[in-house]
Amino acid sequence: AQKVTQAQTEISVVEKEDVTLDCVYETRDTTYYLFWYKQPPSGELVFLIRRNSFDEQNEISGRYSWNFQKSTSSFNFTITASQVVDSAVYFCALSEVLGGSEKLVFGKGTKLTVNP
Amino acid sequence: EPEVTQTPSHQVTQMGQEVILRCVPISNHLYFYWYRQILGQKVEFLVSFYNNEISEKSEIFDDQFSVERPDGSNFTLKIRSTKLEDSAMYFCANTGAESRYQETQYFGPGTRLLVL
């Protein structure tokens with residue numbers, strides 16, 4: 001069965017610190033997609049990234065970077081030089097392909113607070 | 001980024017009443033989903049819908065729930081007789097036309113439902 005674990009419930013940092021949000025997943029499929037979504041205090045879910053299981057290249061987008069490691073079933077998210085506007089709940093999610101289900105399975109989320 | 005819209009943004013209802021939550025999907029998107037998020041918890045899959053049929057549903061999606069596209073554009077979630085535990089944020093999501101497995105699910109801003 002699919003499962004996504006975000007062990008960090010809450011993280012608090014001071015502005016300009018780097019912070020890494022952990023995500024560990026379980027799946028029996030060899031083909032799957034991993035996602036990160038941001039949920040700011042206003043409540044909407046904002047798509048950040050999608051990565052397929054065959055692409056283990058790390059990705060960088062501005063201050064955001066993602067480290068995908070199949071060997072450890074992890075898809076960690078790093079924010080460099082954090083800003084107050086980064087304060088939000090961040091969700092990691094998994095979508096299997098070969099299992100025939102198209103649903104996203106979410107982790108419980110990590111609440112990030114960036115203090116000025 | 002494409003936008004999904006949802007109405008209403010907030011709804012308060014009495015237990016036992018029927019509610020209809022509406023979603024306007026991204027134009028030409030064919031795959032539709034509803035998720036819910038109980039306050040402070042993770043996002044949970046409810047149902048997926050394609051070609052005017054439910055393609056998958058979760059255990060949460062019992063006989064009290066139904067979905068349809070009444071006019072070929074809007075996508076609705078109906079809760080026939082609301083219970084206190086239906087209080088949650090309900091998100092609509094869409095993916096594109098080519099393959100639901102290869103597309104990102106874009107979420108609407110959500111409808112916050114409160115059942116009293």
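We did not get these values from a lab; they are worked out from the coordinates using the rules stated. What you see is a predicted model; the values in this text were computed from it and never measured. Glycine also receives a Cβ, built like all others from the backbone with ideal geometry; neighbour counts cover every protein chain displayed.
Odds and ends about this structure:
- Put in order of Cβ neighbour count within 10 Å, fewest first, the listed residues A:Asp22, B:Asp86 become A:Asp22, B:Asp86.
- Computed from the C-alpha gyration tensor, the three semi-axes of the ellipsoid equivalent to the protein assembly as shown are 29, 21, 16 Å, from longest to shortest.
- q = 0.12, 0.16, 0.19 Å⁻¹: log10 I(q)/I(0) that the Debye formula gives for region B:23-116, counting C-alpha atoms only: -0.35, -0.63, -0.89
- For region A:1-91, trypsin sites (Lys or Arg not before Pro) are listed when DSSP marks them as loop and at most 13 other Cβ atoms sit within 10 Å of their Cβ; the list is A:Lys16, A:Arg28, A:Arg63.
- Here the Kirkwood formula puts the hydrodynamic radius of region A:7-116 at 14.3 Å, using every distinct Cα pair.
- Within chain A, percent of DSSP bridges classed antiparallel, to nearest 5: 90
- For the segment A:32-44, counting C-beta atoms of other chains within 10 Å of every residue's C-beta and taking the mean gives 3.
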